[in-house]
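Quick note: the coordinates plus some simple rules give every number you see, no bench work behind them. Quick caveat: nothing in here was measured; it's all calculated off a predicted structure. We place every Cβ from the backbone using ideal geometry, glycine too, and count neighbours over all the protein chains shown.
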4 protein chains.
Amino acid sequence: MTATRHVAVLVGSLRKDSFNRLAAQALAQLAPAGLKLEIVEIGQLPHYNQDDDVGTPPAAWEQFREKIKAADAVIFVTPEYNRSVPGVLKNAIDVGSRPYGQSVWAGKPAAVMSVSPGAIGAFGANHHLRQSLVFLNMPTMQQPEAYIGGAATMFDEKGAIKVDGTRDFFRSFAEAFAAWIERVHVKA
Amino acid sequence: MTATRHVAVLVGSLRKDSFNRLAAQALAQLAPAGLKLEIVEIGQLPHYNQDDDVGTPPAAWEQFREKIKAADAVIFVTPEYNRSVPGVLKNAIDVGSRPYGQSVWAGKPAAVMSVSPGAIGAFGANHHLRQSLVFLNMPTMQQPEAYIGGAATMFDEKGAIKVDGTRDFFRSFAEAFAAWIERVHVKA
Amino acid sequence: MTATRHVAVLVGSLRKDSFNRLAAQALAQLAPAGLKLEIVEIGQLPHYNQDDDVGTPPAAWEQFREKIKAADAVIFVTPEYNRSVPGVLKNAIDVGSRPYGQSVWAGKPAAVMSVSPGAIGAFGANHHLRQSLVFLNMPTMQQPEAYIGGAATMFDEKGAIKVDGTRDFFRSFAEAFAAWIERVHVKA
Amino acid sequence: MTATRHVAVLVGSLRKDSFNRLAAQALAQLAPAGLKLEIVEIGQLPHYNQDDDVGTPPAAWEQFREKIKAADAVIFVTPEYNRSVPGVLKNAIDVGSRPYGQSVWAGKPAAVMSVSPGAIGAFGANHHLRQSLVFLNMPTMQQPEAYIGGAATMFDEKGAIKVDGTRDFFRSFAEAFAAWIERVHVKA
């Protein structure tokens, strides 16, 4: 029997009715019992500026860093902006990675789901994000890859996934990540 | 004889003593007579949120968009944060690209210089940025590539480049970009 | 009035009934009058080995290099193998790029079309290829991007594109490339 | 006490005096006792062509696939050709990945070392390769990243690494990979 794992979920779009937020919420509901997903907000984080990390950093940065530190693992749910990661999400990653030597990301298992109204499923954002996760030393689940296209018609008015096959994919993605966490978890 | 070309320069680091800012300033000084480089600030831009583009967008977004619109071409001078483009720079790109169909980037010739204290010269940021420029339809100079490493010892106390060969490279980069602008410029 | 432009077309799949070959052939037929597309074969090229470039290189390498040299521009039509460029196509690019200082690619205008049975349209191959084109100094058309998905049902038994909208896209892609060649062509 | 792990090493350059081969050999010598590295040759593999996988595939493909199947893990040691993975190495990856559903790579722990005479250390090849490893479902070691620059002066006439710090890095890279294999190894 394994412990409950707390997973911080970062959503790359700030739009109120964001498909990515809906996807993150659906994922939270479909995750297995031992996996607790919680969205950590990123829109309030000032742009990273190394000068501001001297002395007293912005409170929003510190609170964000504490929340990530407290998590066992991280899932990134991201749209694609201009064939790459949205600036707002990349900024959250940058904030968490500094000051040098104090990254809050190091060692935490990660997964990436990219979500888009289009057919390509935000592939470009998905893989640019993965390149950052190498540097951040986050063991990242390789399969299943999750390029979620057609997001504009995916959810009903209550935010539930309409198609069984899609719901099953979300469930199996969460289950695979639960297994990945146990696989790469370093025992104390 | 060609007209003076006004080039907007975006600097991917907000740090006051940023090597990237120094590099951008050096580039401005070494550029040929017909090329006027001006840094357009990006640190004040709120995170892009599509909801805020309905009605009256933030004034900072509008002012930024106007400045880019007024430019003939764009140079991106960027560090690498976590093997990719800094969030703050990507956000500026995102802000300029929206609302859909009203991107201020479209068609403007572009160049990328990446600057880092390390040996790798921010290669990862350089090429991730180039992937966005494909979508943004900015004809991008391919050569010379500019991966500027060793930036921590590159400038003297007045911000001038210390080594002749480096200064020559900056000059030739600016000259190549001037030629690239004329080459891809669409005549009215 | 502009001269006829001869375009070398490289097809990234060796399969006899390759969708990419069909796409390349369709593109050749739909191209405007002044653009002559010809497939240059790559399957016969030995793996690049710098040792073999000393003295007398393999005849297949030399013939390939001559064909590319003779072309005014290049179109790459590529599937995605394992989220990147097929080895056989990358090898052709490598062969053409050497020996150092004698690359046959330098300066030639380029375009990339990626073709796949899946929805993602070989995005990963498309952009990895573009990263090579930066180094090779090939001015590359940015828009329209061409991620051609659903290729398994795209062609009729004679190899013609079945859907009008797809055929129109191929035509407009070729027309845009013809315009791009004229735009970046360096006058003698 | 853990079992001996057999690691297949793929070298991305065919040149007889390849720096990458020297690096692979040095890594084999510096690896901890339980890690047995063996170079698996790739230069003899015909270009992948799906038509040739029907019936009796080329013997070289079959032998290569068997060798990879027999390995517990894989290390890729690669130069950068034109800012990406050499065609010959990508072809080996493609050969091992097919026929569909019979990939020999799936699940095997992987590491990437990129080696170059230049300063950038073949960063572009390193990360393009990593994108393929996502699809291939190979749990890939994130840290330490290995971008080995300055390879032309790294080895003495016997192929030994000259500088202590570099030798230490190779040793720690191999040790980290040994630990990574145990961490992600799925117990029977």
Quiz item: Between chain A and chain D, with a rotation axis joining them, whose C-beta in A is nearest that axis, and what is the whole-Å distance?
Solution: A:184, 3
Quiz item: If one computes the Cα centroid of segment D:56-93 and of segment A:10-52, what distance in Å separates the two points?
Solution: 39
Quiz item: Hey, how many Å between the Cα centroid of segment B:104-120 and the Cα centroid of segment D:161-177?
Solution: 34
Quiz item: Of chain C, which part is the longest with no trypsin sites (Lys or Arg not before Pro) in a loop (DSSP not H, G, I, E, B) and with at most 15 other C-beta atoms within 10 angstrom?
Solution: C:17-157
Practice problem: Among DSSP beta bridges whose residues both lie in chain D, state the antiparallel percentage, nearest 5. | Solution: 10
Self-check item: Nearest-ten-degree value, helix A:123-135 long axis tilted from longest Cα axis of chain A
Solution: 40
Quiz item: Ordered by residue, what ³J(HN,Hα) values in Hz, to whole numbers, does segment C:23-31 give under the Karplus form 6.51 cos²θ - 1.76 cosθ + 1.60, where θ = phi - 60° and Gly and Pro are x?
Solution: 5, 5, 5, 4, 4, 4, 6, 8, 5
Self-check item: Average silhouette area of chain B, convex hull of alpha-carbon atoms, in square nanometres
Solution: 10.8
Quiz item: Helix C:164-184: angle to the longest alpha-carbon principal axis of chain C, degrees 0 to 90, nearest 10?
Solution: 40
Quiz prompt | Magnitude of the charge dipole, the protein assembly as shown, Cβ model with Lys/Arg +1 and Asp/Glu -1, debye to 20 | solution = 0
Exercise. Mind grabbing the base-10 log of I(q)/I(0) for segment C:118-188 at q = 0.17 Å⁻¹? Debye formula, identical points on the C-alpha positions, no solvent, two decimal places.
Key: -0.79
Quiz item: Using θ = phi - 60° and the Karplus form 6.51 cos²θ - 1.76 cosθ + 1.60, what ³J(HN,Hα) does each residue of segment A:107-118 get, whole Hz, x for Gly and Pro?
Solution: x, 7, x, 9, 9, 10, 10, 10, 9, 8, x, x
Practice problem: For segment B:139-154, just list the computed ³J(HN,Hα) in residue order, Karplus coefficients 6.51, -1.76 and 1.60, θ = phi - 60°, integers in Hz, with x standing in for Gly and Pro. | Solution: x, 10, 4, 8, 10, x, 5, 10, 10, 8, x, x, 5, 5, 10, 7
Quiz item: Over all Cα pairs of the protein assembly as shown, how is the pair count split among 10 Å bins, expressed in % and running from 0 up to the last occupied bin?
Solution: 3, 14, 24, 28, 21, 9, 1, 0
Exercise. Would you work out the relative contact order for segment C:5-184, in percent, from Cα pairs under 8 angstrom that are 6 or more residues apart?
Key: 25
Quiz item: Placing a label point 7 Å from Cα toward Cβ, how far apart in nm is residue B:34 from its equivalents in the other copies, listed shortest first to one decimal?
Solution: 2.3, 6.7, 6.8
Practice problem: Every other copy gets compared here: list the nm distances from the residue B:160 label point (7 Å along Cα to Cβ) to its counterparts, shortest first, one decimal. | Solution: 4.8, 7.1, 7.2
Quiz item: Shortest first, in nm, what separates the label point of residue D:117 from those of the same position in the other copies (7 Å along Cα→Cβ)?
Solution: 3.1, 4.4, 5.2
Quiz item: In the structure shown, do any of B:90/B:158; A:16/A:158; C:90/D:69; D:16/D:158; C:69/C:108; C:36/C:108 have a Cα-Cα gap over 18 Å, and if so which?
Solution: B:90/B:158; C:90/D:69
Practice problem: Please list, in chain and number order, the residues 5+ apart from residue D:48 or on another chain whose amide H is under 5 Å from its amide H, with Hs placed from the backbone. | Solution: C:88
Exercise. Grab the beta carbon distance between residue C:156 and residue D:51, set R0 = 22 Å, and tell me the FRET efficiency rounded to 0.05.
Key: 0.55
Quiz prompt | Crossing angle, helix B:59-70 versus chain B [Cα axis fit, 0-90 degrees, rounded to tens] | solution = 60
Quiz item: Roughly what % antiparallel, to the nearest 5, for the DSSP beta bridges in the protein assembly as shown?
Solution: 10
Exercise. Give the share of C-alpha pairs in each 5 angstrom bin for segment A:1-72, from 0 to the last occupied bin, in whole percents, shortest bins first.
Key: 3, 14, 20, 19, 18, 12, 8, 5, 1, 0
